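> Got a structure for you, written out below as structure tokens; questions coming shortly.
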Amino acid sequence: MGTSVQVTPLCGVYSESPLSYLLSIDGFNFLVDCGWNDLFDPTLLQPLSSVSSTIDAVLLSHPDMLHLGALPYAIKHLGLSAPVYCTEPVYRLGLLTMYDHYISRKQVSDFDLFTLDDVDSAFQNVTRLTYSQNHHFSGKGEGIIIAPHVAGHLLGGTVWKITKDGEDVLYAVDFNHRKERHLNGTVLESFVRPAVLITDAYNALNNQPSRRQRDQEFLDAILETLRGDGNVLLPVGTAGRVLELLLILDQYWTQHHLTFPIYFLTNVSTSTIEYIKSFLEWMSDSIAKSFEHTRDNAFLLKHVTLLINKTELEKVPEVPKVVLASMASLEVGYSHDIFVDWATGVKNRVLFTERGQFGTLARMLQADPPPKAVKVTMSKRVPLVGEELKAYEEEQERIKKEEALKASIAKEEELKASRVPDTNLGDPMVVDTITAQDASDVTSSHIGGHRDIFIDGFVPPPTSVAPMFPFFDNSAEWDDFGEVINPDDYVNKEEEMVDASMHLFGGDLDGKLDEGSAHLLLDSTPSKVVSNEVTVQVKCGLTYMDFEGRSDGRSIKSIISHVAPLKLVLVHGSAEATEHLKQHCSKHVCPHVYAPQIGEKIDATSDLCAYKVQLSERLMSSILFKKLGDYEIAWVDAEVGKTNDMLTLLPLSSTPAPHKSVLVGDLKLADFKQFLASKGIPVEFAAGALRCGEHVTLRKVGDTSQKGGPGTQQVVLEGPLSEEYYKIRELLYSQFYLL
């Protein structure tokens, strides 16, 4: 029986909604992605709420809202308590993304779905893994191994490989095969014949131009606007695809000596770029090699100015400029306010680099034709003054008095109850240690500092008949260096909170701090939200260019065909795109293609018959293992028996028949060409084959008759029998393991 695999979508199927899926492997429940949209619609999380308590582990694939936005809410309100796994960039950038969204919402509304403390708590116990690092589960998940691999969409983006009993389950959504300025392409194509592949149909109907053509059109549109005395707004995410855009602009400005200012404006822009500078090993090979040779960090961004509030932008000179501002949806954030300011300017341009989420202002503006006017809500948080402030303070004072009255009443009732003699007591001089502890709890409420001091009067324990001083054992712990102290006892909490807010909101930018953001964090000033609806005449240019960093439809089909999974599950994409890809894969990839609805459980259990067996000690002593990468392999001739109800491989009772030699390995012609050249043999590629010496030709012949996969491959060595032929054949054999 194969490994049991069930997939249940919780959100993000037959639509472009956030991604969230329940993946059960032999009863161990994974929550793969925990996304939310920019509208923070709680109804999207109802399917998650019904299963959150059964989750054993959470896997996050990308550091944006669609993949991890609901994590703080789910942990606080839905009972999600499972450990979380992701890469280091997903952890860091995901944290900043949630900070930015919270602050942007809090500035314009009484946002109470979660707080910054909830965000910190959600990310506190995240286990960070590096690419290709195996993590072995124990207990309920015994035998399950997870490993993240490069997805190529966002920095730290992950294709999750989950292995159990030799069968692989791949979760690969939002991958990109193209190599970009700051990211390498996905490694998804390196996996062949997994038991289950879970992937998305988001771009199944889209085709993309070449990267060079796309980048040139992008720069031409921006420069046309700037030279026409207009401003360019790029609504972007906090720390996702904006990194590629910043590199494109900064490198082009450097090469062509342009002077138009570029601004990157988010609540956490300085922290974002500081973290990015330390993640070079997660980026493309070209960036890593450049840093190794020249120590030049690509994200120094010489032509980009980092801003953390709109006030700073308003102070810059009135010249044509480029502003990359969050949020990409235009629902809230600095991009929303800048759009309202610039939309009426005929010379200005709003350049969208990703599709807006359904129901957002960005999606509305991307319609064809775009609207000539839109209604938007302008909101801001202002401090209370005058009568409103007085009424607020009176209300707070009333609440304090009510709480004090309730506390005093509860205290009096407790004292009355303590004076009632307990008839069940035996010896009146025996005082229970538990009651002494209870007394200490009462006493400690009257003491401001240390508790081991004399108090005026007696506090009788609830069940004692005689008054008695409370006693506390104040013995300290000691080590080789003296008394052990707790540093937290000496921390000034107010200073600690201020320092944290300075670090969070960009305090490293010449000591500047967004005052509104600081007040949000410290909650020091009574305030209210003032809103009004305005109609904005859209006279500026509106342009959409695909910089989402996802493979297009043709590439998706090619990659899936190469991977050739035994079973395929399609998620996240419009109904039209999902059905199109489902029909294509059913014909050309594999017969088992599923596209489940929300809440529909799909049984993707493998049809393979796999059994666990143990090798007997007698058999092990006769086997000669050979090292192959991270594994050891050997040819085994044995018979199956049973030992203590466990299947066991035992040595054959008779001499085994000889078997044909088996060559194990994967020959790459380019590598073999270099190897032959190092041995002094002239070698070159000709017509897809490797010409070795004067008369010998080497080629790889594939058998593509197998539906949906590359099939088996043969290495063919052609040429006259000669000393040269035998020498090349011997060198060829050396590239394989012989069993």
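> Test of understanding: among ALA670, ALA677, ALA686, which residue is over 29 Å from PRO565 (Cβ atoms) and modelled with pLDDT under 85?
Answer to the check: ALA686.
> What are the residues in region 127-158 that are open to solvent by 50 Å² or more (accessible area, probe 1.4 Å), free of Cβ contacts under 8 Å to residues at least 40 places away in the same chain and either among the hydroxyl-bearing types (Ser, Thr, Tyr) or touching a strand residue (DSSP E or B) at 6+ places or on another chain (Cβ under 8 Å) (or both), if any?
Those that are open to solvent by 50 Å² or more (accessible area, probe 1.4 Å), free of Cβ contacts under 8 Å to residues at least 40 places away in the same chain and either among the hydroxyl-bearing types (Ser, Thr, Tyr) or touching a strand residue (DSSP E or B) at 6+ places or on another chain (Cβ under 8 Å) (or both): SER132, GLN133, ASN134, HIS136, SER138.
> To continue, here is another question. How do the pairs read when you match residues in region 541-568 that are assigned to a loop (DSSP other than H, G, I, E, B) with residues anywhere that are acidic (Asp, Glu) and open to solvent by less than 30 Å² (accessible area, probe 1.4 Å), using Cβ under 7 Å and keeping only pairs 6 or more apart or on different chains?
PHE547/GLU244; GLY549/GLU180; GLY549/GLU244; ARG550/ASP174
> If LEU247 satisfies all but one of (1) in a helix (DSSP H, G or I); (2) open to solvent by less than 60 Å² (accessible area, probe 1.4 Å); (3) out of contact with any Lys or Arg (no Cβ under 9 Å at 6 or more places or on another chain), what's the number of the condition it fails?
Single failed check for LEU247: (3).
> Here's another thing I want to ask about it. If the Cβ limit is 9 Å and pairs must be 6+ apart or interchain, which residue in region 582-603 that is without any contact (Cβ under 8 Å) to a residue 24 or more places away in the chain pairs with which residue that is buried (at least 18 other Cβ atoms within 10 Å of the Cβ) and among the hydrophobic types (A, V, I, L, M, F, W, C)?
GLN583/VAL593; SER586/LEU568; SER586/VAL593
> In addition: Scan region 46-64 for residues that are open to solvent by less than 10 Å² (accessible area, probe 1.4 Å) and either in contact with a Leu (Cβ under 7 Å, 6 or more places away or on another chain) or outside any loop (DSSP other than H, G, I, E, B) (or both) and report the count.
Here the count works out to 8.
> If you take just the helices (runs of 4 or more DSSP H) that sit entirely in region 291-401, which of them hold at least 3 residues that are under 27 Å from the mean Cα position of the chain (by Cα) and either among the polar types (S, T, N, Q) or at pLDDT 90 or above (or both)? Spell out the reasoning first.
Working: elements: 310-314, 334-342, 361-365.
Answer list for region 291-401: 334-342, 361-365.
> Then there is this: When you check PHE358 against the structure, is it open to solvent by less than 20 Å² (accessible area, probe 1.4 Å) and in contact (Cβ under 8 Å) with a residue 12 or more places away in the chain, yes or no?
no
> Hey, another quick one. I'm trying to understand the selection: among the residues of region 635-664, which are of a type outside the set (S, T, N, Q), touching a Leu at 6+ places or on another chain (Cβ under 8 Å) and surrounded by 12 or more Cβ atoms within 10 Å (Cβ to Cβ)?
TRP635, VAL636, ASP637, ALA638, GLU639, GLY641, LEU649, LEU650, PRO651, LEU663, VAL664
> While we're here: Give me the residue from region 539-569 that is of a type in the set (S, T, N, Q) and over 30 Å from ASP220 (Cα atoms) and, out of that set, most open to solvent (accessible area, probe 1.4 Å).
SER558
For (1) of a type in the set (Lys, Arg); (2) surrounded by 14 or more Cβ atoms within 10 Å (Cβ to Cβ); (3) out of contact with any Asp or Glu (no Cβ under 8 Å at 6 or more places or on another chain), each residue gets a yes or a no:
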residue: GLU576; (1), (2), (3): no, no, yes
residue: PRO591; (1), (2), (3): no, no, yes
residue: LYS601; (1), (2), (3): yes, no, yes
residue: LYS612; (1), (2), (3): yes, no, no
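> Hey, another quick one. Let me confirm something: among LYS277, LYS310, which residue is in contact with a helix residue (DSSP H, G or I) (Cβ under 7 Å, 6 or more places away or on another chain) and free of Cβ contacts under 8 Å to residues at least 24 places away in the same chain? Walk me through it before giving the result.
Numbers: LYS310 fails: free of Cβ contacts under 8 Å to residues at least 24 places away in the same chain.
Going through LYS277, LYS310 in turn, the sole match is LYS277.
The values are calculated or read from the model by the stated rules, or taken from the named source; none is laboratory data. A quick note: this is a predicted structure, and the numbers were derived from the prediction, not measured. A quick note on method: Cβ atoms are made from the backbone with ideal geometry, for glycine too, and the neighbour counts reach across all protein chains shown. Just so you know, the surface numbers come from the protein's heavy atoms only, side chains and all, with ligands and any DNA or RNA stripped out. Shrake-Rupley method; radii C 1.70, N 1.55, O 1.52, S 1.80 Å.
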